[in-house]
1. For segment 118-150: of the residues being assigned to a helix (DSSP H, G or I) and touching a residue at least 12 places away in the same chain (Cβ under 8 Å), which is surrounded by the fewest Cβ atoms within 10 Å (Cβ to Cβ)?
2. If I ask for residues that are within 18 Å of the chain's Cα centre (by Cα) and exposed (fewer than 11 other Cβ atoms within 10 Å of the Cβ), which ones from segment 25-34 would you list?
3. Go through Lys55, Lys46, Lys22 for me and flag whichever is under 19 Å from the mean Cα position of the chain (by Cα) and modelled with pLDDT of 95 or more.
4. Considering Gly62, Gly39, which residue is of a type outside the set (A, V, I, L, M, F, W, C) and in contact with a helix residue (DSSP H, G or I) (Cβ under 6 Å, 6 or more places away or on another chain)?
5. Between Arg67, Arg42, which is surrounded by 15 or more Cβ atoms within 10 Å (Cβ to Cβ) and among the basic types (Lys, Arg)?
Amino acid sequence: MLVHISSGSGVDEVCRAVWHFKNWLEKNYEFEVIDEQLGSCRRCIKSLLIESSDKRLLELHGTHQWRATSPFRPKHKRKNWYFTLRCYGSNNIHKIDEKQVVYQTMRSPKKGGQHVNTTSSGVRAIYKPLGIEAVSFDHRSQYRNKQVALFRLMEKLETLVMEKESNETQKRWKEGKEIQRGDAVLVFEGEGFVKLD
């Protein structure tokens with residue numbers, strides 16, 4: 001699954017909280033960093049995208065709080081800094097199971113001589129789990145058209161996956177800007193980033 005940790009509007013103190021949180025996660029969970037946007041100050045992370053198979057991360061979905069005096073503005077009255085963690089579905093690309101591809105043969109709708117009109121060399125490949133299909137009449141050989149139709153089916157799948165990833169990226173960006181304060185899943189305190197019970 002993908003996990004997006006966001007500072008929202010990117011206030012320095014919240015970016016520091018995300019940096020602390022990443023260090024805390026490294027001690028407690030297994031994950032791989034996919035993307036990391038650094039904040040404007042040292043030891044600050046504006047946004048973090050990680051991938052993990054650790055289902056325990058689902059329990060962290062929501063808003064988190066860091067209670068601390070601002071390390072950047074010591075006289076600042078605010079001491080509560082909020083960031084979000086959101087979990088998303090798996091990033092694994094859906095692969096075509098060739099056993100589930102149904103092939104149909106057909107005659108070419110094109111004009112082009114006796115061979116085209118008398119043989120069913122055209123092939124339609126249908127992948128029912130996703131409801132996509134592709135056809136090929138490009139070759140005189142049914143076997144070759146089958147290969148081409150399967151390749152086109154894979155291209156269509158790749159396009160669908162890219163569109164889905166683009167939509168999910170936009171969704172993560174929009175949700176990352178919206179941080180609800182209060183009712184935190186976890187609360188941490190001080191520069192030592194101690195988790196409170």
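The values are calculated or read from the model by the stated rules, or taken from the named source; none is laboratory data. Computed from a predicted structure; not experimentally measured. Ideal geometry is used to build each Cβ from the backbone, glycine not excepted, and the neighbour counts take in all protein chains shown.
1. Here is the first cut: in segment 118-150, the ones assigned to a helix (DSSP H, G or I) are 118, 142-150.
Applying the additional criterion that residues be touching a residue at least 12 places away in the same chain (Cβ under 8 Å) yields 142, 145-146, 148-150.
Details: Gln142: 15, Asn145: 25, Lys146: 20, Val148: 19, Ala149: 24, Leu150: 19.
Looking at the filtered set, the residue picked out is Gln142.
2. Glu32, the sole residue that qualifies.
3. Values: Lys55 fails: modelled with pLDDT of 95 or more; Lys46 fails: modelled with pLDDT of 95 or more.
Every option except Lys22 fails the conditions.
4. On the way: Gly62 fails: in contact with a helix residue (DSSP H, G or I) (Cβ under 6 Å, 6 or more places away or on another chain).
That would be Gly39, the only listed residue that is of a type outside the set (A, V, I, L, M, F, W, C) and in contact with a helix residue (DSSP H, G or I) (Cβ under 6 Å, 6 or more places away or on another chain).
5. Values: Arg42 fails: surrounded by 15 or more Cβ atoms within 10 Å (Cβ to Cβ).
Testing whether each residue is surrounded by 15 or more Cβ atoms within 10 Å (Cβ to Cβ) and among the basic types (Lys, Arg) leaves just Arg67.
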